[in-house]
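Asker: Below: one structure in C-alpha cells.
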C-alpha cells in the first residue's frame, strides 16, 4: 500500500518558514479552517495592543481587525478579505495574547 500524501492547506507555510518566525517572534499560532485554509499569527506586543486600541476609536470590530492584521504572519489572504473568515479569526484572537499570571497579596 502507498502512503497517503498529506494534503497541502491553502496558505500553508513551510516548516523552515515557521521556524524562522519562531526565532523572530518566539510564539507562532496556526489557525486552520474546515475548508483547508490556514493562517499564522504571532503574539502581539504591548505596542501593538496600544496602537490597536488607539486606532480603533472604541470599535471592537476595528480593534479585532487591526490586531489580526498586525499579528498576521502569513497564510491564505482570503481570510483577511471576507467577513465570514474574519469573524472566525476574531473569536480566537484573545488566545494569541500571552501573559504570565501572578498573585497579588496585601501585606
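Asker: Filter segment 15-30 for residues that are in contact (Cβ under 8 Å) with a residue 60 or more places away in the chain and either out of contact with any helix residue (DSSP H, G or I) (no Cβ under 6 Å at 6 or more places or on another chain) or in a loop (DSSP other than H, G, I, E, B) (or both) and give the result.
Answerer: Correct list: 27 only.
Asker: Right, next: Condition check: under 13 Å from the mean Cα position of the chain (by Cα) and buried (at least 17 other Cβ atoms within 10 Å of the Cβ). Does residue 52 satisfy that?
Answerer: No; evaluated as a whole, the condition is false for this residue.
Asker: Whether any residue in segment 95-106 is at pLDDT below 95 and touching a strand residue (DSSP E or B) at 6+ places or on another chain (Cβ under 9 Å) is what I want to check.
Answerer: Looking through segment 95-106, at least one residue is at pLDDT below 95 and touching a strand residue (DSSP E or B) at 6+ places or on another chain (Cβ under 9 Å).
Asker: So residue 79 clears everything in (1) assigned to a helix (DSSP H, G or I); (2) under 18 Å from residue 28 (Cα atoms); (3) without any contact (Cβ under 8 Å) to a residue 40 or more places away in the chain except one condition, right? Which one?
Answerer: Status for residue 79: all satisfied but (3).
Asker: Go through (1) in a loop (DSSP other than H, G, I, E, B); (2) farther than 27 Å from residue 100 by Cα; (3) at pLDDT 95 or above one by one and return the number of the condition residue 44 breaks.
Answerer: Condition not satisfied by residue 44: (2).
Asker: Something else: In this structure, is residue 50 assigned to a loop (DSSP other than H, G, I, E, B) and farther than 13 Å from residue 89 by Cβ?
Answerer: no
The values are calculated or read from the model by the stated rules, or taken from the named source; none is laboratory data. Since the structure is predicted, the reported quantities are computational estimates derived from the model, not experimental observations. Reconstructed Cβ throughout: ideal geometry from the backbone, glycine too, with neighbour counts over all protein chains shown.
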